[in-house]
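Every number in this text was worked out from the coordinates using simple rules, so none of it is lab data. Keep in mind that what you see is a predicted model, and the values were worked out from it rather than measured. Virtual Cβ from ideal backbone geometry, glycine too; neighbours counted across all protein chains shown.
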Amino acid sequence: MKKEYADYLLEKNRKDYNLIADIFSEKRERIWSEMKFLFDDYLIPGEKVLDLGCGNGRFYEAMKGKKVDYIGVDVSEKLIKIAQKRYPKAKFLVADALNLPFPNNYFDKVYAIALFHHIPSKEYRLKVLEQIKRVLKKNRLLILTVWNLSKNKKTRELLFKYSFLKLISSSKLDFKDIFYPWKSPKGKILVQRYIHIFNKKELKKITEKAGFKVEKIFQNDNIILVARK
């Protein structure tokens, strides 16, 4: 993917989430049940934790009881405003995952939940991982998830469509990239969100390329990766 188009997709992603921020937040009130163990089993009281791509801040709910030093970051200004209103005692910041505004070796743990599949191009995905590694303390953990869309019928149809367009040189996307529609309650398409469809092998490979040691990778409705710096 050309850098100019990847930059366009990043900006599109920010605008899309600003546009759907309210309705998106309403659909993300609670933590998915299959995700709770990521906080129950891995959080240690007193840790400094980055919630990268925090959205409306809902994962703070799972962390506040652990008494961690929490910072939530998202590129969407409107989602950060919603998070600040929901959790006024927590720290939230508008920031770009490609250029994190934190010192080296700053966090004990980084969560990147449902963020990475929205990052376009191999180059930018690697850069995000390198930024995470930079701000993470030595020997500490990254917990990263992406959507597991391989069994979704709609996704397979879209994957076929965009793969065909790529083959006939009618798409600027990379292979395994799609635009997935976000609809209003009345069924109107509000935005077409950029998504890269990962499998476990690809996710593990790029994480290791960034210098992490992958300790666990498995899948349910999501692909879940735990890696150590």
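Just a few scattered comments:
- The stretch 109-149: trypsin sites (Lys or Arg not before Pro) in DSSP coil with no more than 14 other Cβ atoms inside 10 Å: none
- Förster radius 41 Å - calculated FRET efficiency between Asp7 and Lys67 (Cβ-Cβ, nearest 0.05): 0.55
- When the helices of the chain are scored as -39500 (n - 2.57) per DSSP H run of n ≥ 4 and the total is divided over every residue, the value at 222 nm lands at -10500 deg cm²/dmol.
- Net charge of the neighbourhood of Lys161, taken over other residues with C-beta under 14 Å away and scored Lys/Arg +1, Asp/Glu -1, is +3.
- Size descriptors for the chain: radius of gyration and Dmax over Cα atoms are 17.1, 54 Å.
- Simple label model, 7 Å out from Cα along Cβ direction - Ile168 to Lys188, nm: 3.1 nm
- Gain on full stretching of the segment that runs from Glu202 to Lys85 - 0.36 nm per residue minus C-alpha separation: 38.4 nm
- Since only Asn105, Asn220, His117 are under comparison, the one whose Cα sits farthest along the positive direction of the charge dipole of the chain, derived from C-beta charges on Lys, Arg, Asp and Glu, is Asn220.
- Tilt relative to the chain, helix 200-209 - C-alpha long axis, 0 to 90 degrees, to 10: 60 degrees
- Between the alpha-carbon centres of the stretch 1-73 and the stretch 175-229 there is a gap of 14 Å.
- Here the dipole of the stretch 3-228 is about 260 debye; that uses its Cα centre as origin and unit charges on the Cβ of Lys and Arg (positive) and Asp and Glu (negative).
- Amide hydrogen proximity for Asp69: with H placed 1.01 Å from N in the peptide plane, the residues at 5 or more positions away or on another chain lying under 5 Å are Gly46, Glu47, Lys48, Val49.
- DSSP assigns beta bridges within the stretch 3-228; of those with both partners inside it, close to 55 percent run antiparallel.
- Listed residue pairs exceeding 25 Å between alpha carbons, taken from Lys201/Lys229; Lys153/Lys201; Lys36/Lys229; Lys27/Lys137; Lys15/Lys81; Lys3/Lys166: Lys27/Lys137
- Here's how it looks for Leu190: its modeled amide H is under 5 Å from those of Trp182, Lys183, Ser184, which are all 5 or more places away or on a different chain.
- Cleavage-rule hits (GluC sites (Glu not before Pro)) in the stretch 122-229: DSSP loop, at most 10 neighbouring Cβ within 10 angstrom: none
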